[in-house]
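Structure record follows, encoded as C-alpha cells.
The numbers here are math on the coordinates, done by the rules we state, and not lab data. Given the structure is predicted, the values throughout are model-derived calculations rather than measurements. All Cβ positions, even for glycine, are placed from backbone atoms using ideal geometry, and neighbour counts span all protein chains on display.
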Amino acid sequence: MSMEKPNTEEMTPKELTEYESDLTSAILRAAEFKTDESEYRRISIKRGGKVLFKFLIRPLTEEDLAKCRKKNTRVKQGRFGVDKEKLDAARYRSQIIYEATVPEPETGNVKLWDYKKEQIWPKLNVASGIDAIDAVLKAGEKDMVVEAIENISGYQDDDDNGVIENIKN
C-alpha cells in the first residue's frame, strides 16, 4: 500500500480531470475485491507428498469476519451482572475457512465442505460444512489456510511470495 499524494495544485485542468477519472475507476475496481477472481487463491491440501484435494478461497470483508466472530462467541452473565464473552476459537477459524471457500463447478457449485453432504457428513459424523472442516483439516492446516485468507484479505503483505498456496504435512 502506498500513501503517495499527487500535487493536484500543479496539474492542468485536463490532467486533474484525468486524475479524478482514474481515481474514481481505481476506487470502484478496488471495491470489487470480493468477486474479483484475480484475488482468489487455490489451496492444496497435501499429505504424504500427495495432493488430496484443492479448493478456492476469496478475500473476506471486515463484516464477514465480524459475523464469524459473532456466530462463535457465547455471552454469559458473570458475577455482579458483568457479561463475559467466550470465543470458540477452533470453530471461529473453521467458520472463516467456510465463509472464504468459493463454490466451484467441480463440486456442483456448492462449497467443498457441503459437497455430497448426504454421503460425506454421516461418515464424518458432522452436521454442517463448518464441522466438516474440523473433521478434515489438521490444526496446522487450518492455521495455514486462515493465514492465506488473512493475506488476501489485506491483513498482511499480499505479495506472491507471502501467500500460502500449498498446505503441506
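Of note:
- Inter-label distance, Thr12 to Leu124: 6.2 nm, where each label sits 7 Å from its Cα along the C-beta direction.
- Other residues whose C-beta falls under 9 angstrom from the C-beta of Ala100 contribute a net charge of -1, scoring Lys and Arg +1 and Asp and Glu -1.
- Entry note, segment 40-167: relative contact order of 28 percent, from Cα contacts under 8 Å with a spacing of 6+ residues.
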